[in-house]
Amino acid sequence: MKKESLPIYQDLRLPLIEEKNVQVLVKRLDLLHPVVQGNKHYKLLYNIQAAKESGHSCLLTFGGAYSNHIHATALSAAQNGLNSIGMIRGEIPKPLNPTLADAKTQGMELYPMSRTSYREKNDPEILEKLKLKFGDVYIIPEGGTNALAIKGSREILEPDDKEMDIVTVPVGTGGTFAGLLASASSNQQVLGFSALKGSFIHQEISSLLEAHQISPFCSWQIHAAYHFGGYAKFNPELIQFIKEIKKASGIPLEPLYTGKMLFGLLDLIRQDTFPRGTRILAIHTGGLQGLRGFNQRFHTDL
Ligand SMILES: *Cc1c(COP(=O)(O)O)cnc(C)c1O
């Protein structure tokens, strides 16, 4: 794939950005790949390769009923001639929502997992049980974060991106953020915007860095104040914001990750956090497949 030919950088032009004299360049990973968009493409890349090389024919992973990771795993598996199994938290909605319907169409077998056992899904005993039940499956954790996902996420930043002063990204499990920290250079600062409520994410990132022996050259920070009440929570202001950005720039956002990140970034710009002339690279991590289910559930028109 010839990346240079893809128009994935978009200058975000808004009165606020002009007024503060900064640059916000959106790196649109939502456009990068026709099938598996966003950061999940990078997170799965080396996992799929490893699964194939070790002779596995089936991937097994975990996620909620609207999960981008479930969706991406089903599509990547199918594209690579692998089977896939999705362990879904709680119940499987009937009829299937658009995320799970796509997954099933791609051949993913879906199984509900009670919330209690879902909480213990990383427990070695539970994983052994799953292997007894399903055979020698290649297991990818919830959200896809493991060593190979971090390795893949390092590739999000390309040589040209080194010119940017600030790199921003939404943070869920932190795997993508960790990959960016491993690849950003010493002149850069990486800013994560947590999609979840609580300050545990700071500890989570420290543990990830330690576990994967990453000592960043760049500086970094996590903003934990733009979660809008918690994971998948939102308010009318966020919905309105997403609509306005789309109208002003054509950039589609979703309310779980990218909408919250850009809202937070623009708020920081409003507060004069960045000196004039600062060049900011905002990573659009995709996730747009989730909009269909979101709109159905909450009667929005994003
Ligand atoms: C999964 C996801 C994230 C979070 O990625 P992590 O590596 O878990 O932090 C961010 N944005 C979108 C659109 C996602 O689907």
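Taken along the Cα-to-beta-carbon direction at a fixed 7 Å, the label points for S57 and S117 span 2.4 nm.
Per-residue extension of 0.36 nm, minus the Cα-Cα distance of Q203 and N187, leaves a gain of 3.3 nm for this segment.
Each of V169, V35, V190 was scored by other Cβ atoms within 10 Å of its Cβ. Listed from fewest to most, they are V35, V190, V169.
Summarised in one figure, the compactness ratio Rg/Rh of region 1-109, Cα atoms and Kirkwood Rh, is 1.11.
The calculated Kirkwood hydrodynamic radius for the chain is 19.8 Å, given to one decimal from all distinct C-alpha pairs. Taking a ≥ b ≥ c as the square roots of the eigenvalues of the Cα gyration tensor, region 230-273 is classed as oblate, since a/c reaches at least 1.5 and a/b does not exceed b/c. Here each label is just a point 7 Å from Cα along the line to Cβ, and for R279 and F217 those points are 1.6 nm apart.
As a rough footprinting exposure proxy, the listed residues L127, L208 were ranked by other beta carbons within 10 Å of their own, and the order from fewest upward is L127, L208. Among DSSP bridges having both ends in the chain, what percentage is antiparallel? Round to the nearest 5. Given both bridge residues lie in the chain, the antiparallel proportion sits at roughly 10 percent. Axis angle, to the nearest 10 degrees, between helix 236-249 and the longest C-alpha principal axis of the chain: 70 degrees. Distance between the pseudo-spin-label points of K133 and E109 (7 Å out from Cα toward the beta carbon): 1.0 nm.
Quick check on region 149-260: take the gyration tensor over C-alpha atoms, sort the square-rooted eigenvalues as a ≥ b ≥ c, and tell me if it's rounded (a/c under 1.5), prolate or oblate. Taking the square roots of the gyration eigenvalues as a ≥ b ≥ c, region 149-260 is oblate. Couplings for region 141-156, taken from phi via the Karplus curve 6.51 cos²θ - 1.76 cosθ + 1.60 with θ = phi - 60°, read x, 4, x, x, 7, 8, 4, 6, 5, 5, 4, x, 5, 4, 7, 4 Hz in order; Gly and Pro are left as x.
For L59, the residues whose modelled amide H falls within less than 5 Å of its own, excluding neighbours fewer than 5 places apart on the same chain, are N83, S84, I85, Y138. Applied to region 96-102, the Karplus parametrisation 6.51 cos²θ - 1.76 cosθ + 1.60 on θ = phi - 60° returns per-residue 3J(HN,Hα) values of 4, 6, x, 4, 6, 5, 4 Hz, with x for Gly and Pro. Compared with the alpha-carbon gap, the fully stretched path from Q296 to Q240 is longer by 18.5 nm at 0.36 nm per residue.
Specify the angular offset, from 0 to 90 degrees and rounded to the nearest 10, of the alpha carbon long axis of helix 200-211 from the longest principal axis of the alpha carbons in the chain. Orientation of helix 200-211: about 70 degrees from the principal axis. Would you work out if region 101-161 is rounded, prolate or oblate? Take a ≥ b ≥ c from the square roots of the eigenvalues of the alpha-carbon gyration tensor; rounded if a/c is under 1.5, else prolate when a/b is larger than b/c, oblate otherwise. Since a/c reaches 1.5 and a/b is larger than b/c, the shape of region 101-161 is classed as prolate. Pairs spanning more than 26 Å between alpha-carbon atoms, out of K52/K133; K94/K247; K162/K197; K129/K260: K94/K247; K162/K197; K129/K260. For region 12-18, 3J(HN,Hα) computed residue by residue from phi via the Karplus equation (6.51, -1.76, 1.60; θ = phi - 60°) reads 8, 10, 9, x, 4, 5, 5 Hz, glycine and proline entered as x.
Readers should treat all values here as calculations from the given coordinates under stated rules, not as data from a laboratory. Everything numeric in this text was worked out from a predicted model, so none of it was measured. Glycine gets a Cβ as well: all are built from the backbone with ideal geometry, and neighbour counts include every protein chain shown.
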